[in-house]
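The values are calculated or read from the model by the stated rules, or taken from the named source; none is laboratory data. Keep in mind it's a predicted model, so treat the numbers as computed, not measured. Heads up, the Cβs are rebuilt from the backbone with ideal geometry, glycines too, and the neighbour counts pull from every protein chain shown.
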Amino acid sequence: MASQSVLFVCLGNICRSPLAEAAFRRAAENAGLEVEVESAGTAGYHVGEPPDPRSIDQARSEGIDITGYRGRQLSKEDFHEFDFIIGMDRSNMQDIARRDPGNGKAKTAMLLDILPGQEGREVGDPYYGGADGFAITWSEVDAGAQALVAVMLSENG
Ligand code: 4NP
């Protein structure tokens, strides 16, 4: 079976979704799950840019180098290419639904809806706050990533 694929989506693709991508890559690797992982923004503000320096620092503090990540914008083709498209907040989910061509294969979900007990919670945007917000973002996306790995492992089996 071809490996499954996941696209994490936030607004700018420089704060939350790169951290979700990093956390998920590590969680999948730890679980022995073979999976393609990318991230994208609903907006095109930061296309081609590296992650926010505060995201880079947060990932580095977890031992993960994300300096090579580059921003890109969510496209209609993504709905055909990815098995899962995972947004961070309700606004992302609205933008994802608006771009969904309707005939793709991707299942869409808000990240923390996958985490038992955290359904309905958003991963808040840390962009306008300080570095401490990025530690909170990390703990949220890491927990959500681990829950998604568990779902994908069960679907694999
Ligand atoms: P992100 O955060 O969606 O988590 O990447 C943001 C990054 C940039 C902007 C907004 C949110 N911006 O307005 O440029």
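Here are some notes:
- Check on Gly63, under 27 Å from Asn156 (Cβ atoms), free of Cβ contacts under 8 Å to residues at least 24 places away in the same chain and more than 13 Å from the chain's Cα centre (by Cα): yes
- Some residue of region 13-30 being modelled with pLDDT of 95 or more and over 23 Å from Met152 (Cβ atoms): yes
- Among the residues of region 1-51, just one is among the β-branched types (Val, Ile, Thr), within 16 Å of the ligand (Cβ to nearest atom) and within 10 Å of the chain's Cα centre (by Cα), namely Val9.
- Residue in region 88-104 that is within 22 Å of Ala27 (Cα to Cα) and in a strand (DSSP E or B) present: no
Residues checked against (1) at pLDDT 95 or above; (2) within 16 Å of the ligand (Cβ to nearest atom):
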position	(1), (2)
Asp95	yes, yes
Glu119	yes, no
Gly133	yes, yes
Ala143	yes, no
Ala150	yes, no
Glu155	no, no
